[in-house]
1. Quick check for region 1-116: number of Lys pairs with alpha-carbon distance under 23 Å, counting only pairs 8 or more apart or on different chains?
2. If you count only protein heavy atoms with a 1.4 Å probe, what accessible area per residue comes out for region 1-155, rounded to a whole Å²?
3. Taking Rh as the Kirkwood radius, which is the inverse of the mean 1/r over Cα pairs, what is the Rg/Rh value for the chain?
4. Under 8 Å for C-alpha pairs, at least 6 residues apart: give me the relative contact order for the chain, rounded to a whole percent.
5. Taking H placed 1.01 Å from N in the peptide plane, check which residues at least 5 places from residue 302 or on another chain put their amide H under 5 Å from its amide H.
6. Quick one: net charge around residue 115, please, counting Lys, Arg +1 and Asp, Glu -1 for every other residue with C-beta under 14 Å from its C-beta.
7. Provide the percentage of antiparallel DSSP beta bridges, counting only those with both residues in region 77-154; round to the nearest 5.
8. How would you order 5-15, 211-221 from highest to lowest mean count of nearby Cβ atoms within 10 Å?
Amino acid sequence: MPLVPPQIAALQPYQTAKTADEIRKLYNLDKVIKLASNENPLGPSPQALKAIAASLNGLSVYPTGGLKLRQILARQFDVKPENVIAGSGSEGIMSNIFRTFLEDNDEVLTADATFIGFRVLAQSRGVAYRTVPLRDWKFDLQKLAEAVTDRTKIVYLANPNNPTGTIFTRHEFDDFYRHIPERVLIILDEAYFEYAQDNPRYPDSMHYRYDNVITLRTFSKAYGLAGVRIGYGFAHESLIANLLKVKLPFEPSSLAEAAGIAALSDREFLHRTLETNARGLRFVTREFTEMGVQFVPSEANFILTLWPSAEAAGGLVESLLHSGVIVRPMAAFGVPNGVRISIGSDEENEMLIAAMGKAVAAEELVLCS
Ligand SMILES: Cc1ncc(COP(=O)(O)O)c(C=O)c1O
(Lines give C-alpha, C1' and ligand atoms only; values in the text may rest on other atoms or scores of the structure.)
Protein backbone atom coordinates (compact mmCIF):
# COMPACT_ATOMS: atom_id res chain seq x y z
CA MET A 1 0.00 0.00 0.00
CA PRO A 2 1.51 3.40 -0.96
CA LEU A 3 1.70 6.06 1.72
CA VAL A 4 -0.24 8.49 -0.47
CA PRO A 5 -3.57 7.13 -1.79
CA PRO A 6 -3.69 7.10 -5.62
CA GLN A 7 -6.55 9.62 -5.87
CA ILE A 8 -4.44 12.13 -3.90
CA ALA A 9 -1.25 11.41 -5.85
CA ALA A 10 -3.19 12.03 -9.10
CA LEU A 11 -4.40 15.50 -8.03
CA GLN A 12 -2.80 18.65 -9.40
CA PRO A 13 -2.14 21.29 -6.74
CA TYR A 14 -4.62 24.19 -6.94
CA GLN A 15 -3.15 27.00 -9.01
CA THR A 16 -4.05 30.33 -7.50
CA ALA A 17 -3.98 33.27 -9.91
CA LYS A 18 -0.70 35.19 -9.91
CA THR A 19 -0.80 38.28 -7.71
CA ALA A 20 -0.62 41.77 -9.19
CA ASP A 21 2.76 42.24 -7.49
CA GLU A 22 4.21 39.10 -9.10
CA ILE A 23 3.07 40.21 -12.57
CA ARG A 24 4.31 43.75 -12.02
CA LYS A 25 7.80 42.45 -11.35
CA LEU A 26 7.71 39.72 -14.00
CA TYR A 27 6.67 42.05 -16.84
CA ASN A 28 8.24 45.22 -15.49
CA LEU A 29 4.93 47.11 -15.44
CA ASP A 30 3.82 50.19 -13.49
CA LYS A 31 0.20 49.21 -13.01
CA VAL A 32 -1.31 45.76 -12.83
CA ILE A 33 -4.94 44.84 -12.10
CA LYS A 34 -6.27 41.42 -11.14
CA LEU A 35 -9.59 40.45 -12.72
CA ALA A 36 -9.03 36.74 -12.19
CA SER A 37 -10.76 35.61 -9.00
CA ASN A 38 -14.13 37.41 -8.88
CA GLU A 39 -13.05 39.49 -5.92
CA ASN A 40 -14.70 42.73 -4.87
CA PRO A 41 -13.01 45.69 -6.63
CA LEU A 42 -14.08 48.03 -3.79
CA GLY A 43 -12.05 46.07 -1.23
CA PRO A 44 -13.55 44.76 2.02
CA SER A 45 -16.68 46.13 3.72
CA PRO A 46 -15.49 49.06 5.92
CA GLN A 47 -17.79 47.90 8.74
CA ALA A 48 -16.12 44.48 8.61
CA LEU A 49 -12.70 46.09 8.90
CA LYS A 50 -13.80 48.00 11.99
CA ALA A 51 -15.20 44.82 13.54
CA ILE A 52 -11.99 42.92 12.87
CA ALA A 53 -9.97 45.68 14.55
CA ALA A 54 -12.34 45.67 17.53
CA SER A 55 -12.08 41.91 17.98
CA LEU A 56 -8.28 41.71 17.95
CA ASN A 57 -8.00 41.76 21.74
CA GLY A 58 -10.09 38.60 21.96
CA LEU A 59 -7.67 36.49 19.93
CA SER A 60 -6.41 34.52 22.92
CA VAL A 61 -9.87 32.99 23.37
CA TYR A 62 -11.23 30.07 21.29
CA PRO A 63 -14.16 31.00 19.03
CA THR A 64 -17.65 29.57 19.48
CA GLY A 65 -18.06 27.84 16.12
CA GLY A 66 -19.94 30.72 14.54
CA LEU A 67 -22.87 30.62 16.97
CA LYS A 68 -23.51 34.38 17.02
CA LEU A 69 -23.34 34.67 13.24
CA ARG A 70 -25.72 31.72 12.91
CA GLN A 71 -28.20 33.44 15.24
CA ILE A 72 -28.01 36.70 13.31
CA LEU A 73 -28.38 34.97 9.94
CA ALA A 74 -31.35 33.01 11.30
CA ARG A 75 -33.07 36.22 12.36
CA GLN A 76 -32.31 37.96 9.05
CA PHE A 77 -33.54 35.07 6.90
CA ASP A 78 -36.41 34.02 9.15
CA VAL A 79 -35.19 30.51 9.98
CA LYS A 80 -33.90 28.92 13.20
CA PRO A 81 -30.19 28.93 14.17
CA GLU A 82 -30.47 25.12 13.89
CA ASN A 83 -30.96 25.63 10.14
CA VAL A 84 -27.75 27.60 9.72
CA ILE A 85 -24.06 26.69 9.58
CA ALA A 86 -21.04 29.00 9.32
CA GLY A 87 -17.62 27.93 8.14
CA SER A 88 -14.31 28.85 6.54
CA GLY A 89 -15.78 30.07 3.27
CA SER A 90 -18.53 28.26 1.42
CA GLU A 91 -15.84 25.90 0.14
CA GLY A 92 -14.97 25.06 3.76
CA ILE A 93 -18.60 24.07 4.32
CA MET A 94 -18.62 22.08 1.09
CA SER A 95 -15.58 20.16 2.31
CA ASN A 96 -17.50 19.46 5.49
CA ILE A 97 -20.46 18.17 3.46
CA PHE A 98 -18.14 15.73 1.70
CA ARG A 99 -16.76 14.44 5.01
CA THR A 100 -20.23 14.13 6.54
CA PHE A 101 -22.36 12.50 3.86
CA LEU A 102 -20.21 10.52 1.45
CA GLU A 103 -19.29 6.85 1.54
CA ASP A 104 -16.67 5.21 -0.66
CA ASN A 105 -19.04 3.87 -3.31
CA ASP A 106 -21.10 7.02 -3.69
CA GLU A 107 -20.91 9.19 -6.75
CA VAL A 108 -21.44 12.90 -7.16
CA LEU A 109 -22.98 14.61 -10.14
CA THR A 110 -22.79 18.07 -11.67
CA ALA A 111 -22.32 19.97 -14.94
CA ASP A 112 -19.12 19.66 -16.91
CA ALA A 113 -18.32 23.36 -16.75
CA THR A 114 -18.70 24.56 -13.21
CA PHE A 115 -16.79 25.55 -10.08
CA ILE A 116 -13.56 23.57 -9.95
CA GLY A 117 -13.60 23.37 -6.13
CA PHE A 118 -16.39 20.80 -6.26
CA ARG A 119 -14.42 18.49 -8.57
CA VAL A 120 -11.28 18.75 -6.44
CA LEU A 121 -13.22 17.80 -3.32
CA ALA A 122 -14.75 14.80 -5.11
CA GLN A 123 -11.43 13.62 -6.44
CA SER A 124 -9.63 13.98 -3.14
CA ARG A 125 -12.44 12.07 -1.42
CA GLY A 126 -11.97 9.34 -4.05
CA VAL A 127 -15.63 9.14 -5.07
CA ALA A 128 -16.88 8.85 -8.66
CA TYR A 129 -17.35 12.27 -10.25
CA ARG A 130 -19.87 12.41 -13.12
CA THR A 131 -20.94 15.35 -15.23
CA VAL A 132 -23.47 16.22 -17.91
CA PRO A 133 -22.94 18.94 -20.53
CA LEU A 134 -24.31 22.44 -20.10
CA ARG A 135 -27.14 23.49 -22.40
CA ASP A 136 -26.90 27.01 -23.84
CA TRP A 137 -24.19 27.60 -21.21
CA LYS A 138 -26.71 26.83 -18.45
CA PHE A 139 -27.10 23.89 -16.08
CA ASP A 140 -29.23 21.34 -17.95
CA LEU A 141 -31.41 20.35 -15.01
CA GLN A 142 -33.44 17.86 -17.01
CA LYS A 143 -30.33 15.95 -18.12
CA LEU A 144 -28.96 16.08 -14.59
CA ALA A 145 -32.14 14.57 -13.18
CA GLU A 146 -31.98 11.81 -15.82
CA ALA A 147 -28.34 11.10 -14.93
CA VAL A 148 -29.06 10.32 -11.25
CA THR A 149 -28.34 6.66 -10.44
CA ASP A 150 -28.69 4.48 -7.34
CA ARG A 151 -25.17 5.50 -6.41
CA THR A 152 -25.68 9.26 -6.71
CA LYS A 153 -25.38 10.93 -3.30
CA ILE A 154 -24.80 14.58 -4.15
CA VAL A 155 -25.93 16.78 -7.04
CA TYR A 156 -24.10 20.11 -7.16
CA LEU A 157 -25.75 23.17 -8.76
CA ALA A 158 -24.19 26.63 -8.86
CA ASN A 159 -26.68 29.45 -9.39
CA PRO A 160 -25.34 31.72 -10.85
CA ASN A 161 -22.86 29.26 -12.29
CA ASN A 162 -19.13 29.89 -12.29
CA PRO A 163 -17.60 30.31 -14.92
CA THR A 164 -20.64 30.99 -17.15
CA GLY A 165 -22.51 33.52 -14.98
CA THR A 166 -25.82 31.96 -16.07
CA ILE A 167 -28.82 31.18 -13.87
CA PHE A 168 -31.62 28.65 -13.82
CA THR A 169 -35.13 29.68 -12.82
CA ARG A 170 -37.29 28.56 -9.95
CA HIS A 171 -39.60 26.81 -12.38
CA GLU A 172 -36.66 24.82 -13.81
CA PHE A 173 -35.49 23.95 -10.32
CA ASP A 174 -38.97 22.84 -9.18
CA ASP A 175 -39.24 20.53 -12.18
CA PHE A 176 -35.81 19.11 -11.46
CA TYR A 177 -36.53 18.66 -7.76
CA ARG A 178 -39.60 16.55 -8.44
CA HIS A 179 -37.37 13.95 -10.13
CA ILE A 180 -34.68 13.74 -7.44
CA PRO A 181 -34.98 11.02 -4.81
CA GLU A 182 -34.95 12.21 -1.20
CA ARG A 183 -31.77 10.24 -0.47
CA VAL A 184 -29.84 12.56 -2.81
CA LEU A 185 -28.40 15.74 -1.32
CA ILE A 186 -28.67 18.81 -3.56
CA ILE A 187 -26.05 21.49 -2.99
CA LEU A 188 -27.29 24.87 -4.21
CA ASP A 189 -24.17 26.98 -4.37
CA GLU A 190 -25.25 30.63 -4.35
CA ALA A 191 -21.84 32.27 -3.96
CA TYR A 192 -22.99 35.04 -6.34
CA PHE A 193 -26.65 35.33 -5.32
CA GLU A 194 -26.42 39.00 -4.31
CA TYR A 195 -25.57 39.93 -7.90
CA ALA A 196 -28.51 38.00 -9.36
CA GLN A 197 -31.18 38.55 -6.71
CA ASP A 198 -32.88 41.49 -8.44
CA ASN A 199 -33.51 39.46 -11.56
CA PRO A 200 -37.18 38.34 -11.29
CA ARG A 201 -36.25 35.03 -12.95
CA TYR A 202 -33.72 34.22 -10.23
CA PRO A 203 -35.10 31.88 -7.56
CA ASP A 204 -34.34 32.95 -4.00
CA SER A 205 -33.81 29.54 -2.47
CA MET A 206 -34.68 30.91 0.99
CA HIS A 207 -38.31 30.99 -0.13
CA TYR A 208 -38.44 27.24 -0.45
CA ARG A 209 -36.83 24.78 1.87
CA TYR A 210 -36.58 21.09 1.16
CA ASP A 211 -35.25 18.40 3.46
CA ASN A 212 -32.43 17.38 1.11
CA VAL A 213 -31.23 20.77 -0.12
CA ILE A 214 -28.39 22.80 1.32
CA THR A 215 -27.87 26.40 0.21
CA LEU A 216 -24.33 27.74 0.39
CA ARG A 217 -23.48 31.44 0.43
CA THR A 218 -20.37 33.46 1.08
CA PHE A 219 -18.96 36.75 2.30
CA SER A 220 -16.07 36.39 -0.18
CA LYS A 221 -17.68 38.18 -3.11
CA ALA A 222 -20.26 40.92 -2.53
CA TYR A 223 -18.89 41.71 0.95
CA GLY A 224 -15.25 41.71 -0.11
CA LEU A 225 -14.03 39.26 2.53
CA ALA A 226 -12.38 36.50 0.46
CA GLY A 227 -9.22 36.75 2.57
CA VAL A 228 -10.82 36.05 5.96
CA ARG A 229 -12.65 32.87 4.84
CA ILE A 230 -16.23 33.13 5.98
CA GLY A 231 -19.28 31.50 4.42
CA TYR A 232 -22.63 30.11 5.54
CA GLY A 233 -25.25 27.58 4.63
CA PHE A 234 -28.95 26.89 5.21
CA ALA A 235 -30.53 23.45 5.42
CA HIS A 236 -32.93 21.23 7.32
CA GLU A 237 -31.91 21.02 10.96
CA SER A 238 -31.06 17.32 10.78
CA LEU A 239 -28.56 17.99 7.97
CA ILE A 240 -27.05 20.88 9.91
CA ALA A 241 -26.89 18.80 13.11
CA ASN A 242 -24.84 16.15 11.31
CA LEU A 243 -22.60 18.71 9.65
CA LEU A 244 -21.93 20.25 13.07
CA LYS A 245 -20.76 16.86 14.40
CA VAL A 246 -18.06 16.75 11.74
CA LYS A 247 -17.14 20.43 11.40
CA LEU A 248 -13.88 21.52 13.03
CA PRO A 249 -15.28 22.90 16.28
CA PHE A 250 -13.47 26.26 16.20
CA GLU A 251 -14.30 27.18 12.63
CA PRO A 252 -14.89 29.94 11.66
CA SER A 253 -12.20 32.04 13.34
CA SER A 254 -13.38 34.80 15.67
CA LEU A 255 -12.08 37.47 13.25
CA ALA A 256 -13.97 35.89 10.38
CA GLU A 257 -17.17 35.67 12.39
CA ALA A 258 -16.91 39.30 13.56
CA ALA A 259 -16.25 40.41 9.98
CA GLY A 260 -19.24 38.47 8.67
CA ILE A 261 -21.62 39.87 11.31
CA ALA A 262 -20.54 43.44 10.60
CA ALA A 263 -20.62 42.99 6.83
CA LEU A 264 -24.22 41.78 6.97
CA SER A 265 -25.32 45.12 8.39
CA ASP A 266 -23.20 47.15 5.96
CA ARG A 267 -26.05 47.81 3.53
CA GLU A 268 -24.35 50.89 2.09
CA PHE A 269 -21.31 48.85 1.03
CA LEU A 270 -23.42 46.09 -0.46
CA HIS A 271 -25.46 48.65 -2.39
CA ARG A 272 -22.31 50.34 -3.73
CA THR A 273 -20.84 46.95 -4.67
CA LEU A 274 -23.92 45.92 -6.64
CA GLU A 275 -24.20 49.29 -8.37
CA THR A 276 -20.53 49.27 -9.35
CA ASN A 277 -20.87 45.75 -10.68
CA ALA A 278 -24.05 46.43 -12.66
CA ARG A 279 -22.49 49.53 -14.23
CA GLY A 280 -19.25 47.63 -14.98
CA LEU A 281 -21.07 44.67 -16.49
CA ARG A 282 -23.09 46.98 -18.77
CA PHE A 283 -19.95 48.83 -19.87
CA VAL A 284 -17.83 45.72 -20.47
CA THR A 285 -20.55 43.83 -22.38
CA ARG A 286 -21.25 46.88 -24.56
CA GLU A 287 -17.56 47.28 -25.38
CA PHE A 288 -17.11 43.55 -26.02
CA THR A 289 -20.08 43.62 -28.38
CA GLU A 290 -18.60 46.54 -30.28
CA MET A 291 -15.24 44.77 -30.56
CA GLY A 292 -16.88 41.54 -31.70
CA VAL A 293 -15.69 39.60 -28.64
CA GLN A 294 -17.96 36.60 -27.98
CA PHE A 295 -19.21 36.17 -24.41
CA VAL A 296 -21.90 34.51 -22.35
CA PRO A 297 -24.35 37.10 -20.88
CA SER A 298 -23.73 37.10 -17.13
CA GLU A 299 -25.79 37.57 -13.96
CA ALA A 300 -22.73 37.68 -11.72
CA ASN A 301 -19.54 39.74 -11.17
CA PHE A 302 -17.58 38.11 -13.99
CA ILE A 303 -18.02 37.30 -17.64
CA LEU A 304 -16.98 34.28 -19.69
CA THR A 305 -15.42 35.25 -23.03
CA LEU A 306 -15.13 32.67 -25.81
CA TRP A 307 -12.31 32.25 -28.32
CA PRO A 308 -11.92 30.06 -31.41
CA SER A 309 -9.52 27.63 -29.71
CA ALA A 310 -7.68 26.91 -26.47
CA GLU A 311 -4.55 28.40 -28.09
CA ALA A 312 -6.36 31.63 -28.92
CA ALA A 313 -7.67 31.80 -25.34
CA GLY A 314 -4.12 31.27 -24.04
CA GLY A 315 -2.88 33.98 -26.42
CA LEU A 316 -5.44 36.43 -25.07
CA VAL A 317 -4.50 35.71 -21.43
CA GLU A 318 -0.83 36.28 -22.28
CA SER A 319 -1.50 39.43 -24.26
CA LEU A 320 -3.62 40.94 -21.45
CA LEU A 321 -0.89 40.06 -18.94
CA HIS A 322 1.59 42.10 -20.97
CA SER A 323 -0.80 45.04 -20.64
CA GLY A 324 -1.04 44.50 -16.88
CA VAL A 325 -4.45 42.78 -16.75
CA ILE A 326 -4.65 39.38 -15.03
CA VAL A 327 -7.58 37.20 -16.17
CA ARG A 328 -8.32 33.49 -15.82
CA PRO A 329 -8.10 30.77 -18.50
CA MET A 330 -10.97 28.32 -18.04
CA ALA A 331 -9.62 24.96 -19.26
CA ALA A 332 -9.55 23.62 -15.70
CA PHE A 333 -13.20 24.69 -15.30
CA GLY A 334 -14.21 22.71 -18.39
CA VAL A 335 -14.16 25.49 -21.04
CA PRO A 336 -10.81 25.14 -22.87
CA ASN A 337 -11.53 28.06 -25.22
CA GLY A 338 -12.92 30.27 -22.45
CA VAL A 339 -11.37 33.12 -20.50
CA ARG A 340 -13.20 34.39 -17.43
CA ILE A 341 -12.87 38.06 -16.61
CA SER A 342 -14.02 39.58 -13.32
CA ILE A 343 -15.79 42.93 -13.38
CA GLY A 344 -13.59 45.56 -11.75
CA SER A 345 -13.90 49.17 -10.65
CA ASP A 346 -14.75 51.74 -13.34
CA GLU A 347 -11.08 52.51 -13.79
CA GLU A 348 -10.10 48.84 -13.98
CA ASN A 349 -12.81 48.15 -16.55
CA GLU A 350 -11.48 50.99 -18.73
CA MET A 351 -8.00 49.50 -18.48
CA LEU A 352 -9.35 46.05 -19.39
CA ILE A 353 -11.14 47.38 -22.46
CA ALA A 354 -8.06 49.28 -23.65
CA ALA A 355 -5.93 46.13 -23.21
CA MET A 356 -8.56 43.96 -24.90
CA GLY A 357 -8.74 46.39 -27.83
CA LYS A 358 -4.97 46.06 -28.24
CA ALA A 359 -5.13 42.27 -27.96
CA VAL A 360 -7.89 41.74 -30.52
CA ALA A 361 -6.24 44.21 -32.90
CA ALA A 362 -3.10 42.05 -32.85
CA GLU A 363 -3.14 39.92 -35.99
CA GLU A 364 -2.66 36.57 -34.28
CA LEU A 365 -5.82 36.84 -32.17
CA VAL A 366 -8.76 35.76 -34.29
CA LEU A 367 -12.27 36.33 -32.89
CA CYS A 368 -14.96 33.66 -32.91
CA SER A 369 -17.24 34.09 -35.91
C1 LIG B 1 -19.44 28.99 -7.35
C2 LIG B 1 -18.47 29.19 -6.24
N3 LIG B 1 -18.66 28.56 -5.09
C4 LIG B 1 -17.83 28.71 -4.05
C5 LIG B 1 -16.72 29.54 -4.15
C6 LIG B 1 -15.80 29.63 -2.98
O7 LIG B 1 -16.19 30.66 -2.15
P8 LIG B 1 -15.60 30.81 -0.70
O9 LIG B 1 -14.58 31.88 -0.78
O10 LIG B 1 -16.79 31.18 0.14
O11 LIG B 1 -15.03 29.50 -0.27
C12 LIG B 1 -16.47 30.21 -5.32
C13 LIG B 1 -15.28 31.07 -5.42
O14 LIG B 1 -14.83 31.48 -6.45
C15 LIG B 1 -17.36 30.04 -6.40
O16 LIG B 1 -17.15 30.64 -7.56
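1. Counting lysine pairs in region 1-116 gives 5.
2. On a per-residue basis, 56 Å².
3. My calculation puts Rg/Rh at 0.96.
4. 24
5. Distant-sequence amide H within range of residue 302: 343.
6. +1
7. 10
8. With the highest mean Cβ count within 10 Å placed first, the list reads 211-221, 5-15.
The values are calculated or read from the model by the stated rules, or taken from the named source; none is laboratory data. It should be emphasised that the depicted structure is a prediction, and the values quoted were computed from it without experimental measurement. Neighbour counts run over all protein chains shown; Cβ positions are idealised from the backbone, glycine included. All accessible areas refer to the heavy atoms of the entire protein, side chains included, with ligands and DNA or RNA removed. Shrake-Rupley method; radii C 1.70, N 1.55, O 1.52, S 1.80 Å.
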